[in-house]
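Below: the structure, in structure tokens.
The values are calculated or read from the model by the stated rules, or taken from the named source; none is laboratory data. What you see is a predicted model, and the numbers here were worked out from it, not measured in a lab. Virtual Cβ from ideal backbone geometry, glycine too; neighbours counted across all protein chains shown. Note: areas computed on protein heavy atoms with side chains; ligands, DNA, RNA excluded. Shrake-Rupley method; radii C 1.70, N 1.55, O 1.52, S 1.80 Å.
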Amino acid sequence: MLKTETADLWWKSAVIYCLDIETFFDSNGDGVGDMTGLAQRIDYLAELGVTCLWLMPFYPTANRDDGYDIIDYYGVDPRLGTHGDLVELVRTAKDRGLRVIVDLVTNHTSNQHPWFKAARSSKDSPYREYYVWRDEPPEDTSDEVVFPDAENSLWTYDEKAGQYYLHNFYSEQPDLNITSPAVQGEIAKIIGFWLELGIDGFRVDAVPYMIETRGVADRWAKEFGDPHVYLKQLKAFMGRRRGDSIMLGEVNVPYETMFEFFGGPDGDELTMMFDFELMQRLYLAFAREDTAPIIETIQRRPQLARHSQFANFIRNHDELTLDKLSDEERQEVFDAFGPEEDMQLFGRGLRRRLPPMVAGDPRRMRMVYSLLFALPGTPVLFYGEEIGMGENLDVEGRLAVRTPMQWTDAKNGGFSSAAPSKLPRPVTQGAFGPDHVNVAAQRQDPDSFLNFMTLLARRYRECPEVGMGNFEILEHDVKEVLVHRSTWDPFGGGRSSSVLVHNLSPRATRIKVRLEGVDEGLEVADLVSGERHTIGRSGQLELPVDGYGYHWLRILYADDSRLV
Ligand code: NOJ
């Protein structure tokens, strides 16, 4: 079977791992994670099966928004390392077969960025046009703010500038004026710089906010035209600089609008996007122990261009937003997974990680992550998920899930030898703290969650049909069990087809499905348990499924030459 496409379209069968260098591993004992520390842990990530690192912002920052408020797009936060350390880190990652993508945060800068300082100092500054200003007091935008705990308007009056400026996020994060050719030139230069340093692409922050023209003077907006044309230009520019680089966009909008951000059937805008819609429906399905929300959602996904791809996730670094659910549905998820007020955020999300939500039930955790790897798309892990880390609700807001990585059961979970007071934020305590959840112990235990996740990553990589192929939902009559089939036959060189089974409930059951075009007598191999099942008359497959059980069943076609 020809499999070269898995390398050419590498992002479609990648295992992406998001981490913040600051909280991953501290190599010099100053309390803050650093690039050298991460470089020392690359082997760990390679062993886990990660193929692409996503580095959260590591640039010089005013730290109002944990690095998402940048002061210098070309710099490296000196607490984390130097350019030299970064180059060594990227080189080490590449040597172990990992690509590296970095956050591109160009909807806004920090208000401490030299551009903003210059812009506010004078109307005549060439940097004035880099931001979005207005003279008149703004209309009421209190219901549009992203961080309602801190802001009540999208506009703030700047005394020095004598005008109001736009900020979709914190007031310390003034929005850039994307319609300005000078700003467009700056963004292109930033992209070019990091590509030149060997970076494989970008996780693009807040894309819909970035390309919108709200508040921009009419003359600018008119000249700028359709924002999607700009996104196409940016993508084309990146492609000219480096053909196999990707843009993974943060675009939390309904599917129809997402499709536009992909560039529609041409796929000439963002390469990938996080599937926020499916993530939210997964939690609803878990809460109800009913597959209907998953099936209904996944079938609504638009048909993408061959090289475009959805990115699936169970957890990211922000609040686990449930904004696309109805009030009643959101309440169901809150009741099931975060009933206390302190576990919720902004009225729309949860600030918990999955394991505490399911009281650490190992069967349920395994089923959820098996499903993450089995869903059509590319799985994205948030650091610590592979060992089942929990959150620390004593830490403020969204940061509750951004606690230090737990390497051992020693002081600070082995993250740093510094005094605990020097850490960016305290290590998680209690049942999910390092005494119970850490890498070192799980490495020694063949039955650990870490080893299970490693196995999942391996099986997913061995089944490119999951990420690269087409899928169909297989109908049957047990609503708690999701059965889907992924098939890939790129060049007619051999069929790869797998049937993925996931039981969302704790009750054992039996399922019976029909596999179209599969002959009686053919076998399927369970890639997790090693069991085999024989296909019955008219393609019937029947098998028992444990409570929270999961199966990765490869159809053993004669022309599928893969090792089982
Ligand atoms: C989205 C990021 O994920 C979030 O952490 C950040 O606060 C906002 N964008 C603003 O950059």
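With the condition kept exactly as written, say whether any residue in region 144-151 is more than 26 Å from Asp323 (Cα to Cα) and of a type outside the set (A, V, I, L, M, F, W, C). Looking through region 144-151, none of the residues is more than 26 Å from Asp323 (Cα to Cα) and of a type outside the set (A, V, I, L, M, F, W, C). Of all the listed residues (Thr509, Thr487), the sole one being over 27 Å from the mean Cα position of the chain (by Cα) and of a type in the set (Ser, Thr, Tyr) is Thr509.
Scanning region 128-182 for residues that are β-branched (Val, Ile, Thr), buried (at least 19 other Cβ atoms within 10 Å of the Cβ) and over 21 Å from Ile71 (Cβ atoms) yields Val145, Thr179. Restricted to strands (runs of 3 or more DSSP E) entirely inside region 517-564, those with at least 1 residues that are touching a residue at least 60 places away in the same chain (Cβ under 8 Å) are 540-545, 550-555. Among helices (runs of 4 or more DSSP H) entirely within region 251-329, having at least 1 residues that are under 19 Å from Glu480 (Cβ atoms) singles out 276-288, 292-300. Just so you know, in region 22-57 the residues that are aromatic (Phe, Trp, Tyr) and more than 14 Å from the ligand (Cβ to nearest atom) include one that is farthest from Leu456 (Cα to Cα), and it is Phe25. Here is the figure for region 328-375: residues that are within 30 Å of Lys12 (Cβ to Cβ), touching a strand residue (DSSP E or B) at 6+ places or on another chain (Cβ under 6 Å) and either of a type in the set (Lys, Arg) or surrounded by 22 or more Cβ atoms within 10 Å (Cβ to Cβ) (or both) total 8. Within region 42-75, being among the charged types (D, E, K, R) and surrounded by fewer than 23 Cβ atoms within 10 Å (Cβ to Cβ) holds for Asp43, Glu47, Arg64, Asp65, Asp66, Asp72. Scanning region 165-176 finds no residues that are more than 25 Å from Asn111 (Cα to Cα) and either among the hydroxyl-bearing types (Ser, Thr, Tyr) or not assigned by the TED database to the domain that holds Val132 (or both). The condition of being farther than 12 Å from Glu129 by Cα and in a helix (DSSP H, G or I) holds for only one of Tyr170, Tyr209, that being Tyr209. With respect to (1) of a type in the set (S, T, N, Q); (2) surrounded by 20 or more Cβ atoms within 10 Å (Cβ to Cβ); (3) more than 16 Å from the ligand (Cβ to nearest atom), the lone exception for Thr82 is condition (2). Could you give me the residue pairs with C-beta distances under 8 Å whose first residue belongs to region 142-162 and is over 15 Å from Ala119 (Cβ atoms), whose second residue is outside any loop (DSSP other than H, G, I, E, B) and within 13 Å of the ligand (Cβ to nearest atom) wherever it lies, and which are 6+ apart or on separate chains? These pairs meet every condition: Asp149/Gly397.
Of all residues assigned to region 7-30, at least one qualifies as being within 30 Å of Pro490 (Cα to Cα) and more than 20 Å from the chain's Cα centre (by Cα). Is it the case that some residue within region 280-297 is open to solvent by 10 Å² or more (accessible area, probe 1.4 Å) and touching a strand residue (DSSP E or B) at 6+ places or on another chain (Cβ under 6 Å)? Looking through region 280-297, at least one residue is open to solvent by 10 Å² or more (accessible area, probe 1.4 Å) and touching a strand residue (DSSP E or B) at 6+ places or on another chain (Cβ under 6 Å).
Whenever a residue of region 309-330 is within 14 Å of Arg203 (Cβ to Cβ) and of a type in the set (S, T, N, Q), its partners that are away from the ligand (no atom under 16 Å from the Cβ) and open to solvent by less than 10 Å² (accessible area, probe 1.4 Å), lying with C-beta atoms within less than 6 angstrom and at least six residues away or across chains, give the pairs Gln309/Thr378. In the set Thr156, Thr141, which member is within 16 Å of the ligand (Cβ to nearest atom), farther than 27 Å from Leu53 by Cα, outside any helix (DSSP H, G or I) and at pLDDT 95 or above? Within the list Thr156, Thr141, the selection yields Thr156. In the condition set (1) β-branched (Val, Ile, Thr); (2) away from the ligand (no atom under 16 Å from the Cβ); (3) in contact with a Leu (Cβ under 7 Å, 6 or more places away or on another chain), Ile199 is compliant with all but (3). Just one of the listed residues (Phe313, Phe261) is farther than 23 Å from Leu19 by Cβ and within 16 Å of the ligand (Cβ to nearest atom), namely Phe261.
Is region 282-299 home to any residue that is farther than 30 Å from Arg507 by Cβ and in the same structural domain as Met365 (by the TED database)? For region 282-299, residues farther than 30 Å from Arg507 by Cβ and in the same structural domain as Met365 (by the TED database): absent. Of the residues making up region 62-70, one or more are part of a strand (DSSP E or B) and within 16 Å of the ligand (Cβ to nearest atom). Scanning region 23-39 turns up one or more residues that are open to solvent by less than 20 Å² (accessible area, probe 1.4 Å), among the β-branched types (Val, Ile, Thr), in the same structural domain as Asp95 (by the TED database) and not in a helix (DSSP H, G or I). Taken together, Val216, Val204, Val229 contain a single residue that is buried (at least 20 other Cβ atoms within 10 Å of the Cβ) and either more than 16 Å from the ligand (Cβ to nearest atom) or free of Cβ contacts under 8 Å to residues at least 24 places away in the same chain (or both), which is Val216.
Among the residues of region 50-61, those identified as outside any strand (DSSP E or B) and either among the aromatic types (Phe, Trp, Tyr) or under 22 Å from Ser245 (Cβ atoms) (or both) are Val50, Thr51, Met56, Pro57, Phe58, Tyr59.
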